[in-house]
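A short worksheet on the structure shown next.
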Amino acid sequence: MVRINGQEPPSDVEWRKHIALLSYLALSPDRTRTRTQIIGMLWPETTDRRARHSLNEAVRRLRGSLGSERIRSTGSGETLTLSAEHLTVDALEFDRVADSDRERALEYLRGDFLEGFSLPDSEAFEAWLSERRGHYRARGAALLIAGGDDALAALRYDQASELARRAIQVNPFSEPAVDILMRSLALAGDATGALAVHAEFTAAVERELGETPSKQLRDLAERIRSGRWLRVSAHYADLDPPLIGRRDSYHAAFSIIEGGIGTGPRGLAINGDPGSGRTRLLAECATRFALQGGVVVSARPLENDQDTPWSTLRALVRGGLGEAPGVAATSPEQLANLTALAPELAPLTPPHPPQDTAQVSHALADLLRAVGDERPLMIALDDAHFADGHTLEALHHALVSLSEVPVLLGLSSLRDTQSAPPALLRLRGEIGRSIPGKAIRLDPLTDEDLAELVAALGTWCNDDDERRRLARRVAFETGGNPFLAVTLLRGLEHAVTLREDIKAWPPRDATLDYPLPITVPDLARVAIVASLTAMEQATRDVVAAASLLDLGVDVELLTAMLGESASDVEAELATLERNHFLTFDGDRYAFAAPLLAQVVRGELMTAGQRRRLRERAIEVLAPRQDLEARLLCVKLLAETRPSRQTAEAAAAVAREAKAAGAIRAARRAVAAAERAIRKSAGEDGDFIADLRREITSGPDAG
């Protein structure tokens, strides 16, 4: 308890009354007390004369051991002051830095205040000691809980668990600490451990206090036990690897999630370049929202969807909105308007076509209010730059019209605004203004972030030097792009020869920018191929055929192309999802990134195999009359049968798409026509120029 120059003090300093006197003075205002106050605290049962003698003797002995100036007498000797010179008191240092430097404050938190110490013959001192212990327990637990919250927000689950356990040691009945510990264990994949913590806490509370934990904590345990909160991850890419770096951005996002559970409406816009980790962060936000008891509705539109009014609304209904708790409480009239646009709602009420977007906005607001009144709701819209403008406008107006309804809209979109629909730009611009919330931009990973990523994924490195060299190489080659970095590191698990070359580069006598004998796209390509070659042949066949299709993976078409059963194809698609090649939004599969499809097309098949699969797809698509099928058909024809006839067919699709308001589809059809002309060695530039002018002019050109 007491140290002199870091050494054990003389034995008489450690006498109980001496320790009590030093502690009482150290924590008193200005380290000063009157003799009367001290006597009343330490010798309450003794006569005044004997008490003063005992106090004088204690002061004499302490001065002899600690120096004559350590305890000074003032005011005609009636007050005693503990000198501050060369004095360090852990408890005071803790209080001094607690508000400004949490980590340093926690270094002082090494046990209870005066742990194990007592003065049984002094009721007043025992009361003071109890009050001081309560103060430091409460403040220490609060700091540990705050640290655990921050660690949880930064996805440092081990650290969050450790801090929460320390908080429980300080305050065994702290529900916030138990909550953090349970959530950190669950998010780290240890649901059994989280439930064990709840069981132990419940038993302790019942045994010691005769009470039961709060309903909030019991509900958390039930959600963990049921596993319902984990189901939201099925709509996103796999949650591995853990998020790293960007601590401020992640903390801001998770703070919005925490707030969205209690109040609303709120908005969270996650913006970044391709491969920046937007989907990964949105998935983590959705998982945390569900773990806290919220309902998550998700959708991930594809590029074609932007041309189709209300396609995103239908995707949200399929993504869980149509089955959300409380939806039946929506006004039948309003629900009928939505049913006309999303037939999946038909079992609830007959459709009644709405007159305009405003009417849909009112109907959507009524539905969101009905769901939000039942349980907090999160709408997670990934790749929102592909969402149709009608749905975005309706979401915008619905959120603005809601009041005190716990509805959270989470958007993930590209930072580039040139190709974004105006409705998305307006919606993002209102987040943080008319819609409470925050817009978060994901910048490239820093060198420190990439070093942490290498530590997590580069387990095949032999020592710290190899990890440092690999991290520097990855940083230099990928520019901090998370997708490229993760793709490269995952692929290197299989490409043994390549990873040895990268670890050895640059040569030890060269600088980092010494040219690597392989470019970044080639590095990623080799890494992707290495991952593919580790898969079964049936899986490679499915991903090869899928790479020839359009933006989404048409399972029915894929099954016909391969001549396999639908169940077998679905099983291989699930394998590809687990291996991060595909994503699944609850309704359809799509490639996680265009680069993956490009590599598969170029590396996994011969030219003859590509042609045979394309011909088979054309044969299956020929009878279909929907615009999407016709567009894919002419794109495949441009590759396999380039001719003026194919170009004319593509032009017809382009005109039909423009007439339907599907401008993006029209532009892709024009590109197919141009490819058909070019590959057939045709020189009919006027035909393509006229077609492009026709498609890009007029009020429907967008």
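Yes or no, residue by residue, for (1) buried (at least 20 other Cβ atoms within 10 Å of the Cβ); (2) within 25 Å of Ala269 (Cα to Cα); (3) of a type in the set (A, V, I, L, M, F, W, C); (4) at pLDDT 90 or above:
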site: Asn337; (1), (2), (3), (4): yes, no, no, yes
site: Ala340; (1), (2), (3), (4): no, no, yes, yes
site: Thr349; (1), (2), (3), (4): no, no, no, no
site: Val360; (1), (2), (3), (4): yes, yes, yes, yes
site: Arg375; (1), (2), (3), (4): no, yes, no, yes
site: Ala380; (1), (2), (3), (4): yes, yes, yes, yes
site: His396; (1), (2), (3), (4): yes, yes, no, yes
site: Leu399; (1), (2), (3), (4): yes, yes, yes, yes
site: Ser403; (1), (2), (3), (4): no, yes, no, no
Every pair of residues 6+ apart whose Cβ atoms lie under 8 Å, when the first sits in region 141-160 and is within 13 Å of Glu103 (Cα to Cα) while the second is aromatic (Phe, Trp, Tyr): Ala151/Tyr157
Arg166 in contact with a Leu (Cβ under 9 Å, 6 or more places away or on another chain) and basic (Lys, Arg): yes
Quick check on region 589-606: of everything there that is in a loop (DSSP other than H, G, I, E, B) and modelled with pLDDT of 80 or more, which residue is farthest from Ala534 (Cα to Cα)? Thr606
In region 405-418, what residues are within 24 Å of Ala665 (Cα to Cα) and surrounded by fewer than 24 Cβ atoms within 10 Å (Cβ to Cβ)? Leu414, Arg415, Asp416, Thr417, Gln418
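Matching residues to (1) hydrophobic (A, V, I, L, M, F, W, C); (2) modelled with pLDDT under 85; (3) assigned by TED's automatic domain parsing to the domain that holds Phe386; (4) in a helix (DSSP H, G or I):
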residue	(1), (2), (3), (4)
Leu523	yes, yes, no, yes
Ile528	yes, yes, no, yes
Glu556	no, no, no, yes
Glu564	no, no, no, no
Ala574	yes, no, no, yes
His580	no, yes, no, no
Asp587	no, yes, no, no
Arg610	no, no, no, yes
Glu615	no, no, no, yes
Picking from Pro213, Pro176, which residue would you name as being under 30 Å from Cys285 (Cα atoms) and touching a Phe, Trp or Tyr at 6+ places or on another chain (Cβ under 7 Å)? Pro213
Taking into account only those residues within region 274-333 that are polar (S, T, N, Q) and part of a loop (DSSP other than H, G, I, E, B), which is surrounded by the fewest Cβ atoms within 10 Å (Cβ to Cβ)? Ser331
Mind checking which residues of region 245-264 are among the aliphatic types (A, V, I, L, M) and at pLDDT below 80? Ile261
Are any residues in region 212-233 modelled with pLDDT under 85 and surrounded by 13 or more Cβ atoms within 10 Å (Cβ to Cβ), and if so, which ones? Arg228, Trp229, Leu230, Arg231, Val232, Ser233
Residue check: is Ile257 under 30 Å from Gly458 (Cα atoms) and in contact with a helix residue (DSSP H, G or I) (Cβ under 9 Å, 6 or more places away or on another chain)? no
Can you give me the number of residues within region 55-82 that are hydroxyl-bearing (Ser, Thr, Tyr) and surrounded by 15 or more Cβ atoms within 10 Å (Cβ to Cβ)? 3
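Pick from Leu302, Leu335, Leu316: which is closer than 14 Å to Ile379 by Cβ and in contact (Cβ under 8 Å) with a residue 24 or more places away in the chain?
Just a single option satisfies the conditions, and that option is Leu316.
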Is it true that Ala329 is modelled with pLDDT of 90 or more, over 26 Å from Pro422 (Cα atoms) and in contact with a His (Cβ under 7 Å, 6 or more places away or on another chain)? no
Please note which helices (runs of 4 or more DSSP H) are completely contained in region 388-467 and include at least 1 residues that are under 29 Å from Pro354 (Cβ atoms). 389-401, 422-430
Given (1) without any contact (Cβ under 8 Å) to a residue 40 or more places away in the chain; (2) within 18 Å of Phe94 (Cα to Cα); (3) surrounded by fewer than 18 Cβ atoms within 10 Å (Cβ to Cβ), identify the lone condition not met by Ala167. (3)
Please find, among Leu453, Leu424, the residue that is on the phi < 0 side of the Ramachandran plot, in the same structural domain as Arg472 (by TED's automatic domain parsing) and surrounded by 14 or more Cβ atoms within 10 Å (Cβ to Cβ). Leu453
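The values are calculated or read from the model by the stated rules, or taken from the named source; none is laboratory data. Not measured: the values here are computed from a predicted model. Cβ atoms come from the backbone with ideal geometry, glycine included; neighbour counts cover every protein chain shown.
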